[in-house]
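First, the structure itself, so that you have it in front of you.
The values are calculated or read from the model by the stated rules, or taken from the named source; none is laboratory data. All values reported here derive from a predicted model rather than from experimental measurement. Note that each Cβ is placed from the backbone with ideal geometry, even for glycine, and that neighbours are counted across all protein chains shown. The protein model used for the area step is the full one, side chains on, heavy atoms only, and it has no ligands, DNA or RNA in it. Shrake-Rupley method; radii C 1.70, N 1.55, O 1.52, S 1.80 Å.
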Amino acid sequence: MEQDFWQARWRENRIGFHEDAPNTLLTQHFPKLGLHAGQSVFVPLCGKALDLDWLCTQGLQVSGIEFNQGAVEEVFARQGLEPEVIRQGDLICFQAGALTLFAGDFFALTPAHIGQVDVIYDRAALVAVKPEDREAYAAHINRIAGPAQQLLVGFDYDQSLMEGPPFSVPGETVRALYQETHAITLAEERAADGRIGERCNALEQAWLLKPLV
Ligand SMILES: C[S@@+](CC[C@H](N)C(=O)[O-])C[C@H]1O[C@@H](n2cnc3c(N)ncnc32)[C@H](O)[C@@H]1O
């Protein structure tokens, strides 16, 4: 089961996807979305990414969801925040100040949980989803958030060289998933670092998605 796979990765500290600084594709390209303080960003499959902290420093309302409760708790602890914790059905909501993170399954999240969403920041989330679940993932993103603007950071590589996750999500797949709802622009692509860069010359790509309506 998908959740068991990810919980084992966290338990065994096999979290090579976690970066020790905010992703620079976020810090460079997020300002292009034109958000101002007080607007809201939703971060699906957020892990304990330092990207969350960076988004908070921009004065935004930040929400996210992650299977692993320990990861969620760690984000609040490192920000020195003591969250209010409320069980909401199968999800547990942690909230303090402008930060709201849910522990539980992304697919259990409803628009009522996250409220208004101005931007979605997807880093290593779509690429973490099994290929057969991608359409459901993109449809659920659009259902719960809008569709909203999106900064999408993923990988493109030869899938025969490595098993995912992270899976390769090339431009044609991004377009197939989102072109009916969004105008899609490649903001930047660069050689990926770490294991995925060494093993398969992966490209790390930042896509900007603007709603068509
Ligand atoms: C590749 S990691 C990326 C984490 C984060 N975005 C980052 O940049 O560090 C994918 C994360 O999604 C979580 N995850 C996978 N499927 C999920 C689901 N259906 N609901 C909630 N979290 C999920 C995993 O536990 C894992 O932490």
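Counting only residues that are over 15 Å from the mean Cα position of the chain (by Cα) and within 11 Å of the ligand (Cβ to nearest atom), how many does the stretch 16-29 have?
The number of residues fulfilling the criteria is 2.
Could you tell me whether the stretch 17-32 includes any residue that is over 22 Å from VAL127 (Cα atoms) and in contact (Cβ under 8 Å) with a residue 12 or more places away in the chain?
There is at least one residue in the stretch 17-32 that is over 22 Å from VAL127 (Cα atoms) and in contact (Cβ under 8 Å) with a residue 12 or more places away in the chain.
Could you tell me whether the stretch 59-75 includes any residue that is of a type in the set (Asp, Glu) and away from the ligand (no atom under 13 Å from the Cβ)?
Yes: the stretch 59-75 contains one or more residues that are of a type in the set (Asp, Glu) and away from the ligand (no atom under 13 Å from the Cβ).
Taking the stretch 4-60, which residues are open to solvent by 50 Å² or more (accessible area, probe 1.4 Å), among the basic types (Lys, Arg) and over 21 Å from GLU204 (Cα atoms)?
ARG11
Please list, ordered by first then second residue, the pairs with beta carbon atoms under 6 Å, 6 or more apart or interchain, first in the stretch 49-78 and at pLDDT 95 or above, second part of a helix (DSSP H, G or I) and surrounded by fewer than 17 Cβ atoms within 10 Å (Cβ to Cβ).
If the second residue must be part of a helix (DSSP H, G or I) and surrounded by fewer than 17 Cβ atoms within 10 Å (Cβ to Cβ), the pairs left are PHE67/GLN3.
Ok, one more. Can you name the strands (runs of 3 or more DSSP E) wholly within the stretch 98-213 that have at least 1 residues being open to solvent by less than 20 Å² (accessible area, probe 1.4 Å) and not assigned by TED's automatic domain parsing to the domain that holds PHE5?
119-123, 149-156, 182-191, 203-211
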